[in-house]
């Protein structure tokens, strides 16, 4: 019984006090749980390894080999058969020729006996060291290309990180807007209920018509519908944030805590463009890509140069029959030091056309880079205009809400003295609520436009 009571209390507390997240907490969750960023971090590690791989190409290359060969060196020689064959072939020859042939046969048999004593197994071992003295500059240029590629990946990673932050910030302010709209709509429902009760009472005492009562009921139902729409929008925004930040919570127990930033943007368009050219990740990435193209042209040009290398090698061999004499195989040694040069003088014009292809790719890239920069500048100008226009709209909306508040107060006082109907008061209330929601929407539009511009500036 006590356990059930504790569980019930825990559920009530958990549902009564939802988990509230600030913008900073949401950003930390989103960055930590982003699969895209984790994938790009692995790409960065791969690029780091590629830089080290190319660096290793300039280090000495060491190779070793060990071979063991087995062969049966024993073969049987029938001396009598060999002698009979010799006598048959030498019949009718001089005595001196027979003696010479017998001497040759005797020496051959002696040599064959020595061959039969040779070990059956041969072991050979070698160690070779080779160092490139001049590798046509490919190691140095390849290292530059790899480092430039790593920088472009790092720029892409930082841009994706800023893009993720901008999306979370936009969703966060969408949630703030939705929460404020729910609060306004809830207040509007309460006011509509009070107004409808007042309309019913005044109708009963003869101070209001039945039309006023029906109008107040209509406005009440309309306020309830607007509240349902606001609550639905809030749930949708919450679900988006929870999915993007990988937060495993129930929507009913999730909430955000924050307000719209009360900031003013005072930078001129020229200052913004200067910051974009200096800090925008796409611009920095294009600079790295341009460096890659330049070095690829240099690598294609280096194919016309010779390659110079040097090295040394040690070679040893020995013979043995079994494991007992392996410890002293009687190795013979051979060593050499060499310096070499290789130069492809003619390769069917392939090098020339490879160079032309690399130069054409660089020219193509420069044209694309110019187009990207022009498009980026146009996006910056449009984003700057959005910030400027949304700032003006925000100021106008603040003035509008002041007028709506004055009109509502005037309608209340006029109703109290009998010069205005309850319907006039209710209309003033709805206009005030509409002005509040317009102010929230204007604040959100300004924040959203500012986030988009700061993303282009690389300043998030």
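Here are the criteria: (1) over 20 Å from residue 179 (Cα atoms); (2) surrounded by 21 or more Cβ atoms within 10 Å (Cβ to Cβ). Tell me which single one residue 432 does not satisfy.
(1)
Restricting the search to segment 28-42, which residues are under 8 Å from the mean Cα position of the chain (by Cα) and over 12 Å from residue 157 (Cα atoms)?
Correct list: empty.
Is it the case that segment 186-204 has a residue that's surrounded by fewer than 13 Cβ atoms within 10 Å (Cβ to Cβ), part of a helix (DSSP H, G or I), in contact with a helix residue (DSSP H, G or I) (Cβ under 7 Å, 6 or more places away or on another chain) and free of Cβ contacts under 8 Å to residues at least 40 places away in the same chain?
From segment 186-204, those surrounded by fewer than 13 Cβ atoms within 10 Å (Cβ to Cβ) are 190, 197, 204; that's our starting set.
From what's left, part of a helix (DSSP H, G or I): 190, 197, 204.
Filter once more, so that each one left must be in contact with a helix residue (DSSP H, G or I) (Cβ under 7 Å, 6 or more places away or on another chain): none.
No.
Would a scan of segment 267-274 turn up a residue that is part of a helix (DSSP H, G or I), touching a residue at least 60 places away in the same chain (Cβ under 8 Å) and within 30 Å of residue 148 (Cβ to Cβ)?
Yes, segment 267-274 contains at least one residue that is part of a helix (DSSP H, G or I), touching a residue at least 60 places away in the same chain (Cβ under 8 Å) and within 30 Å of residue 148 (Cβ to Cβ).
Each value in this text was obtained by applying a stated rule to the coordinates, not by laboratory testing. The structure displayed is predicted, hence computed values, not measured ones. Neighbour counts are summed over all protein chains in view; Cβ atoms, including those assigned to glycine, are modelled from backbone coordinates with ideal geometry.
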